Every structure is written in structure tokens, then in C-alpha cells.
Amino acid sequence: MAEPRLLDTLAELVRINSVSPSYPGGRPEKFIAAYIRDFFAQRGIETHEQEVFPDRPNVVARLPGRVPGKRIVFEAHTDTVAISGMTIPPFEPTVADGKLFGRGSCDDKGGLCAMMHALASLKRDGITPPCEVLLCAAVDEEYSYRGVVKFCEGLTGQAAVVAEPTDMRVVIAGKGVLRWKVVARGRAAHSSKPHLGVNAISHMARVILAFEEEHRALAARQHPLLGPGTLNVGLVSGGVQVNFVPDECTIEIDRRLLPGEKPDDVLAGYQRMLDRLKADAPGLNVEQLPPRTRDEGLSTPADAAPVRLASEILRGLRLNGEPCGVPFGSDASKLSRQGLPSILIGPGSIDRAHAAVEYVECDQVEAAFEFYRQFMLRFE
Ligand SMILES: [Zn+2]
């Protein structure tokens, strides 16, 4: 049975610009937070706010449970990526061909809206679930995960369900990411007398080749759901003009981590590699800078209670209940690190997230509502 007003709420959420303030055209999440607070207030559900940055609060709604000390957590993010490059109106949601279009419809407002309605439907029906249910609408997922990190402070619970577009598959594994710069330094000279200088670009060429070797070596270790870790040298810059010997060259690296790989250990491994290069090439002056982005992977055992229940509910809804992995990061790894067995599941495809034409399938939003509601009702 369709949930009344589910898609109206989604359209209203899309209409509120919540582009992350870290991106062009962004706006603090306080506007969408106010909408979510009102939604729950109108339905007699208590909420509180957690200030993460000024004007950027998480909203946490709470429904008491029957069993003392038992808690499950639902989490979705309120921010979106920027609208540049979009070829549809970002904040004027339209429905066509069973899809709702607009920025955030898929990532992450479809899942957020389904979670909000699932919680509200229990209250409306006068049901007290076995576990206390917390629903966190978190800020800043699209930039630095500070919203979920704040929510995790002191948090305990028996399970966490995080909404991200997974086409309603239950995701138990995800890669982490590490991004950092490496700088090679040389000595400037006029290019007519290159022997007086040290060419930082030439030195960096060796470093890049060594990182390429490391990338190839990663193929030896395969995760059953995720495949291998990867490494990509994505940016290079150096030199001032063609008749100077360049005294500096910088590269930026994106390394996708498998669950269990610790960012510090990975960086220490590359430091040893650079030290070997230096030993072979006297005069090579190269340094790793502290990472700009670091996030560990997600790995929840396939036999963990929330995974088993999720598979069961999905099969009951005639959906694919087989757990799977995704190559992208999410708030789930932070909840998992906090000790809550975590799964990722939500409506829509990750291919539509951040896209020029973003949409979510309306029937998947309905299925997500049903899934979240059953999870709240049945997890003990
Ligand atoms: Zn997302």
C-alpha cells in the first residue's frame, strides 16, 4: 500500500536548496533542518539539534522502544553536491515516467524522506517498536563527514541503517579513500645551464613510475565484494616557464582503501618506498604532505544481525536480498567504527547521484519506506 504524502515530502525536500556550503552556490543546512523539525513536530515526534558548524545542525528524531537499553539508528544526509552542469531545473521537482527529478532526489533525499515517513508511520499507528529508534538527518556528508562524526560522539546502539542510493541492495562493504600530495623539490637554474640546477619534474617522473608499480601490486589482494584497492595519480603540476629548470613539482594521489587498511599504515608504506628511491637517486628531495581526505572502508560481517534481517525483509518484498559491496564511501563507515554494525541501503542508483540529470525511481522510494518501516518494527 502506498504511503500517503511520501512523494510530496520528497518534492518539498528537493525544493529546499541544501547544496553543501563547501561548494559553489551552497547554503547552510539550517533551512532543510527546519523543515525536518517541523515535519516531526507536526506528528508529535521529539527532535533535537546538534550544531556541527554555525547554521549547520544535524536533526535527530527519536521514537522510544519497548526494550530498555536497545537502540537502532537510521541516518541520511541533508546536504547535496553543487548544481553546476545540471541540465534540468535543480530545485523544481517534476515527476515523469515514474521518476522524481531534481538535485538531491536520489542522493540523499529519497532515502531521507522514506526514513522520515517510516518513523512517522509507527507513531501514527500507535506502535512502540522493540528498540528505540533514532533518525539522524546529518550535514556535511558530501564534503568532510563532520555531521556523522558529531552524531557518533558517545553513540551506542545495536545497528545502523544508512541511506545512500544502492538500488535497494543491502551493502555491507565499501572502500575507504586517502588523498594526499607529494612534492619534489629541486634547484632552479637557467635552462641554458641545466647542470647548475636540479630538475624537480625529472625527479617526480621516477616517483610517479614507482607509484604506478604500487598500483599494479595492489591487484594481488582482492576483497570478495570489492575487488582490489586502487591508486591513481590524478594531478601533476610543476615548473614556471620552459627556459627554467623547475625547482618544484607536485602530484596528488587518490588511493582507494580496502576495509581493514589503515590510512597511517598505507602512508608509512609509501614513505618506505620513497626512502628506497632516495637511496637510489642521490639528490632526490621528495616529501609526502598530510592527507586532505582520509576515510576507512566499511566491512560488516554477512552474518551480523542487521544484515540477516535486511536480507529477509528484502526477500519478503521480492527484492534482491544478497549482500553486496560498493566502491564509494559514506557515513556508514563512521557508524561502524563507533561499534554499530552498519548497513547501507536506499532508493535510486549511484549513477544518478551528482549527475546532470538526477532522479530517483518513485517505486524504489516506496520500497525504501516499506523496508525501513519493517526494519524498525522487527529488529530486536
Ligand atoms: Zn549521498
Estimated Rh, the stretch 270-361: Kirkwood, alpha-carbon pairs, angstrom: 17.2 Å
Rounded percent of accessible protein surface that carbon and sulfur make up, the stretch 220-307, 1.4 Å probe: 52 percent
Relative contact order of the stretch 77-209, please, whole-number percent, based on alpha carbon pairs below 8 angstrom and at least 6 residues apart. 21 percent
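Over the stretch 61-123, give the accessible area per residue in Å² for a 1.4 Å probe, as an integer.
With all protein chains present, the stretch 61-123 gives 33 Å² per residue.
Once you wrap a convex hull around the alpha carbon atoms of the chain, what is its projected area averaged over all directions, in nm²?
The directionally averaged projection comes out at 21.0 nm².
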Expressed in square angstrom to the nearest 10, the accessible area of Arg124 with a 1.4 Å probe stands at 140 Å²
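Send over a whole-number figure in Å² for the accessible area per residue of the stretch 269-380, probe 1.4 Å.
Spelled out: the 1.4 Å probe surface of the stretch 269-380, per residue, equals 44 Å².
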Per principal axis, descending, Cα span of the stretch 22-111 in whole Å: 50, 36, 23
Evaluated at q = 0.18 Å⁻¹: base-10 log I(q)/I(0), Debye formula over Cα of the stretch 88-141: -0.74
From the convex hull of the Cα coordinates of the stretch 184-313, what is the mean projected area in square nanometres? 10.2 nm²
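About the Cα centre of the chain, how large is the charge dipole given +1 on each Lys and Arg Cβ and -1 on each Asp and Glu Cβ? Please answer in debye to the nearest 20.
With Lys and Arg at +1 and Asp and Glu at -1, about 620 debye.
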Quote the Stokes-Einstein diffusion coefficient, in whole µm² s⁻¹, for the stretch 10-67, based on the Kirkwood radius over alpha carbon pairs, a temperature of 10 °C and a viscosity of 1.306 mPa s. 127 µm²/s
Local electrostatic count at Arg276 - Lys and Arg +1, Asp and Glu -1, tallied over other residues with Cβ under 13 Å: -1
Net +/- balance of residues flanking Phe244 in space, Cβ distance below 12 Å, scoring K and R +1, D and E -1: 0
Give the total of Lys-Lys pairs in the chain with Cα-Cα distances below 23 Å; include a pair only if its members are 8 or more places apart or on different chains. 19
Taking the Cα centre of the chain as the origin and placing charges on Cβ (Lys, Arg +1; Asp, Glu -1), which of Leu377, Ser342, Ala184 is farthest toward the positive end of the dipole? Ala184
Taking only the alpha-carbon positions of the stretch 116-188 and ignoring solvent, what does the Debye formula give for the base-10 log of I(q)/I(0) at q = 0.18, 0.23, 0.26, 0.28 Å⁻¹? -1.03, -1.36, -1.41, -1.40
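Around Arg5, what is the net charge, scoring Lys/Arg as +1 and Asp/Glu as -1 over all other residues with Cβ under 13 Å from its Cβ?
-2
The values are calculated or read from the model by the stated rules, or taken from the named source; none is laboratory data. A quick note: this is a predicted structure, and the numbers were derived from the prediction, not measured. Reconstructed Cβ throughout: ideal geometry from the backbone, glycine too, with neighbour counts over all protein chains shown. For the accessible areas, the whole protein counts, side chains as well, though only heavy atoms, and no ligand, DNA or RNA atoms are used. Shrake-Rupley method; radii C 1.70, N 1.55, O 1.52, S 1.80 Å.
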